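Read-outs throughout are calculated quantities, based only on the coordinates presented, and are distinct from any laboratory measurement. None of these values were measured; they are calculated from a predicted model. Note that we place each Cβ from the backbone using ideal geometry, even for glycine, and neighbour counts take in every protein chain shown.
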Amino acid sequence: MQVRLQKFLAEAGVASRRASERLIVNGLVEVNGQVVKELGTKVDPLHDVVKVEGRAVKSRRKIYVALNKPRGYLSTRSDELERRIVTDLLPKEWSHLHPVGRLDKDSEGLIFLTNDGDFTLHLTHPRYGVRKKYRAIVEGFVEPGMLRRIMAGVEHEGETLKAERARLVDANNSHSIVELELAEGKNREVRRLFESQGLIVARLQRTQIGPIKLGELPESRWRALTDTEVKQLLASAPVPPVTAPKPPSR
């Protein structure tokens with residue numbers, strides 16, 4: 001299968017896609033011995049020989065990992081303060097993988113890591129609307145009216161936040177357990193939804209992304225996603241239909 005040259009370079013770890021475009025335009029990339037400056041050029045990763053400044057570039061195998069993130073770890077590849085990060089929990093040869101989306105430091109549960117930028121885009125961009133499920137332990141009693149407001153949408157810090165579904169699992173005078181399903185996953189969205197109702201989330205766990213469940217995966221442990229699971233995840237995030245342009249007014 002042929003791919004655009006700049007995408008091939010980015011996925012091989014040479015540079016970002018935009019930086020790869022500059023390498024091409026500046027005449028620093030060869031394909032099968034010929035300098036290529038056209039950004040629309042496509043290559044076959046299995047058969048074409050690609051070189052950047054005379055050095056051969058090899059296609060990097062795509063890796064997809066599911067991790068049960070514990071509390072206290074950052075969803076990033078590096079941290080200036082040298083705090084614990086999710087890639088610390090993976091084999092050293094996978095330190096180049098990046099998290100797909102994020103879970104804040106105090107949250108836990110299912111998160112994916114990969115070196116596939118398209119996979120990341122499909123699972124994180126709001127236009128694809130991949131559903132994510134969470135289990136929240138909330139301080140205080142969550143009333144039915146609060147859940148209705150959360151599902152209707154609330155304004156918080158200049159943003160509209162909304163849960164697609166919210167279900168009270170159990171409750172007493174001190175704590176409530178709520179299961180939620182979100183389509184966008186804005187920064188700290190679950191915690192902010194409850195903050196808008198005057199409540200604090202004591203513990204938050206992501207239990208499902210698309211069709212993939214956390215299941216019995218132990219805390220701090222990882223597993224590779226199967227080819228079937230990757231296909232299921234991409235199928236759960238279809239490309240939105242293209243709207244035909246309106247004819248010009250007369």
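Just rank Ser59, Ser174, fewest to most, by other beta-carbon atoms within 10 angstrom.
Working: Ser59 15, Ser174 9.
Fewest-to-most Cβ neighbours within 10 Å comes out as Ser174, Ser59.
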Practice problem: Could you give log10 I(q)/I(0) at q = 0.07, 0.11, 0.14, 0.15 Å⁻¹ for the chain, computed by the Debye formula over C-alpha point scatterers of equal weight, without solvent? | Solution: -0.32, -0.72, -1.01, -1.09
Practice problem: Treat each spin label as a single point 7 Å out from the Cα along the C-beta direction, and report the Arg221 to Glu80 distance in nm. | Solution: 3.7 nm
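Could you please rank Met151, Met146, placing first whichever residue has the fewest other Cβ atoms within 10 Å of its Cβ? Let's see the in-between values first.
Numbers: Met151 16, Met146 23.
Starting with the residue having the fewest Cβ neighbours, the order is Met151, Met146.
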Self-check item: Selection from Ala12, Asn32, Gly54 lying farthest towards where the dipole of the stretch 3-57 points positive, charges on Cβ
Solution: Ala12
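Sum -39500 (n - 2.57) across every DSSP H segment of at least 4 residues in the chain, then divide by the residue count to get the 222 nm mean residue ellipticity, nearest 500.
Values: 6 runs with 49 residues, N = 250.
About -5500 deg cm²/dmol.
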Self-check item: Counting all C-alpha pairs of the stretch 131-209, share separated by more than 22 Å (%)
Solution: 12 percent
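On average, how much area does the Cα convex hull of the stretch 15-89 cover when viewed from any direction, in nm²? Can you show the working numbers first?
On the way: hull surface 28.8 nm².
The directionally averaged projection comes out at 7.2 nm².
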Quiz item: If you look at just the Cα atoms of the stretch 3-57, how large are its Rg and its Dmax in Å?
Solution: 9.4, 25
Exercise. Two decimals is fine: what is log10 I(q)/I(0) at q = 0.16, 0.17, 0.20, 0.21 Å⁻¹ for the stretch 101-240, from a Debye sum with one equal scatterer on every Cα and no solvent?
Key: -0.85, -0.95, -1.24, -1.33
Self-check item: Hz values of 3J(HN,Hα) by residue in the stretch 105-121 - Karplus curve (6.51, -1.76, 1.60), Gly and Pro given as x
Solution: 3, 8, 9, 9, x, 6, 8, 9, 10, 7, 10, 9, x, 5, 4, 4, 4
